[in-house]
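Shown next, in structure tokens, is the structure this report addresses.
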Amino acid sequence: MLAGLGRQKDAVAATQEAVTLYRPLAQANPEAFGPRLAQALSNLSTLLSPLGRREEALAAAHEAVTIYQPLAQASPSADFRGG
């Protein structure tokens, strides 16, 4: 939403805050909060790349995939979109 208003840096900051908040929750309860952390990381990746922060974007995307893989293996029919 912020990025759509031309406020990309604010969008990155808000998404980084979401990642920071979800990370300990996902560590404590991966099934409940892992998808939300992965979605926040995916969103962060999408926001960082157009700003030329491609290494950070790639790292966030890689972490998201790392979180999604075991969740998808445990529940192949689950839909994790939207966290």
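The values are calculated or read from the model by the stated rules, or taken from the named source; none is laboratory data. These figures come from a predicted structure and were not determined experimentally. Cβ atoms come from the backbone with ideal geometry, glycine included; neighbour counts cover every protein chain shown.
Taken residue by residue, region 27-39 has at least one member that is surrounded by 15 or more Cβ atoms within 10 Å (Cβ to Cβ), part of a helix (DSSP H, G or I), polar (S, T, N, Q) and touching a residue at least 40 places away in the same chain (Cβ under 8 Å). Beta carbons closer than 9 Å, at least 6 apart along the sequence or on distinct chains, pair a first residue in region 59-78 that is surrounded by 11 or more Cβ atoms within 10 Å (Cβ to Cβ) with a second that is part of a loop (DSSP other than H, G, I, E, B) and not polar (S, T, N, Q) for Tyr68/Phe80; Leu71/Ala78; Leu71/Phe80; Ala72/Ala78; Ala72/Phe80. Total residues in region 40-58 satisfying the condition of being exposed (fewer than 12 other Cβ atoms within 10 Å of the Cβ) and in a helix (DSSP H, G or I): the figure is 2. Just to be sure, is Gly4 part of a helix (DSSP H, G or I), in contact (Cβ under 8 Å) with a residue 24 or more places away in the chain and not hydrophobic (A, V, I, L, M, F, W, C)? Here the answer is no, as Gly4 does not meet what is asked.
So that you can scan it fast, the table gives a plain yes or no per residue for (1) closer than 25 Å to Gln73 by Cα; (2) modelled with pLDDT of 95 or more:
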position	(1), (2)
Leu2	no, no
Leu5	no, no
Glu17	no, yes
Tyr22	yes, yes
Pro30	yes, no
Gln39	yes, yes
Glu55	no, yes
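Among residues of region 7-22 that are on the phi < 0 side of the Ramachandran plot, those with a beta-carbon under 8 Å from a residue that is surrounded by 14 or more Cβ atoms within 10 Å (Cβ to Cβ) and of a type in the set (Lys, Arg) at least six positions away or on a different chain give the pairs Tyr22/Arg36. Collect the residues in region 1-53 that are more than 13 Å from the chain's Cα centre (by Cα) and within 23 Å of Pro70 (Cβ to Cβ), keeping them in residue-number order. If the condition is that a residue be more than 13 Å from the chain's Cα centre (by Cα) and within 23 Å of Pro70 (Cβ to Cβ), then Pro24, Leu25, Gln27, Ala28, Asn29, Pro30, Glu31, Ala32 are the ones that fit.
The residue list Gly52, Gly4 contains one member that is out of contact with any Leu (no Cβ under 8 Å at 6 or more places or on another chain) and at positive phi, which is Gly52.
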